[in-house]
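Novice: Pasting a structure below so you can have a look.
What follows draws every value from the coordinates through simple rules; no lab data is involved. Computed from a predicted model, the values in this text were never measured in an experiment. Neighbour counts are summed over all protein chains in view; Cβ atoms, including those assigned to glycine, are modelled from backbone coordinates with ideal geometry.
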Amino acid sequence: MRLARITVAAAVAGVTLLSTTPASAASYWSSSAPKYATKVGNLKTKSVRIGNGGSFTIQLRSGKWGSYSYLWARAPKDSDADSHRIILQVYNPKTGKWDSQGKGIKNTTYSPAHRAIAGRLYKACAKASILGGSPATCTGSWLV
């Protein structure tokens, strides 16, 4: 009887372990990296026009923060960019899906950063903030 209880308890513990997310699979996104990164450089730059507005520049940037390299999208200060969104898109070839995070543009604006992961594609995009607005306009992709 006691052996049966121990076996069941061990089995339940094993299932619980398998169903929890390991710390290594934590989010790769960071809001702090663009602010505090060192060795920052532009990877891609593009002049974009959203709807009937004026044109402005978006950049795909990289830098080192802590012990990791990160990539993020940046919109330099430009009144024609204000009220739009700057977005970083990340393609994961294992899932075949794009993931993205963005932020409303006001003055110089940075998207949340994503840790650089080998084999993934990154691109900076800008889009109108309104629902159903024009599709995102993006830089070319950067393969890490």
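Novice: Val144 to Asn92: extension gain in nm, 0.36 nm per residue of separation minus the Cα-Cα distance? Before the final figure, lay out the partial values.
Specialist: Details: separation 52, 0.36 × 52 = 18.72 nm, distance 1.12 nm.
Extending this stretch completely gives an extra 17.6 nm.
Novice: Which value, in debye to the nearest 20, describes the size of the charge dipole of region 85-141 about its Cα centre when Lys and Arg Cβ atoms bear +1, Asp and Glu Cβ atoms bear -1, and nothing else is charged? Numbers along the way, then the final one.
Specialist: Values: 9 positive and 1 negative charges, 17 e Å.
So the dipole magnitude of region 85-141 works out to roughly 80 debye.
Novice: Note down the nm distance, to one decimal, between modelled labels 7 Å out along Cα→Cβ at Lys106 and at Asp82.
Specialist: Computed distance between label sites Lys106 and Asp82 equals 1.0 nm.
Novice: Starting from 0.36 nm per residue, how many nanometres of slack lie between Ser32 and Thr45 once their C-alpha separation is accounted for? Mind showing how you got there, number by number?
Specialist: On the way: separation 13, 0.36 × 13 = 4.68 nm, distance 2.18 nm.
Here the answer is 2.5 nm.
Novice: A further question on this structure: In terms of Cα to Cα distance under 17 Å, which lysines are near enough to Lys97, apart from those fewer than 8 places away along the same chain?
Specialist: Qualifying lysines at Cα under 17 Å: Lys123.
Novice: Give the peptides 126-136, 84-94 in descending order of average Cβ contacts within 10 Å, highest first.
Specialist: Details: 126-136: 13.9, 84-94: 19.5.
By packing density, highest mean first, the sequence is 84-94, 126-136.
Novice: Something else now. With θ taken as phi - 60° and the coefficients 6.51, -1.76 and 1.60, list the Karplus ³J(HN,Hα) couplings across region 31-39 in order, rounded to whole Hz; mark glycine and proline as x.
Specialist: Whole-Hz 3J(HN,Hα) from phi for region 31-39: 7, 7, 3, x, 6, 10, 5, 10, 6.
Novice: Among all lysine pairs in region 30-77 that are eight or more places apart or on different chains, how many have alpha carbons less than 19 angstrom apart?
Specialist: The result is 7.
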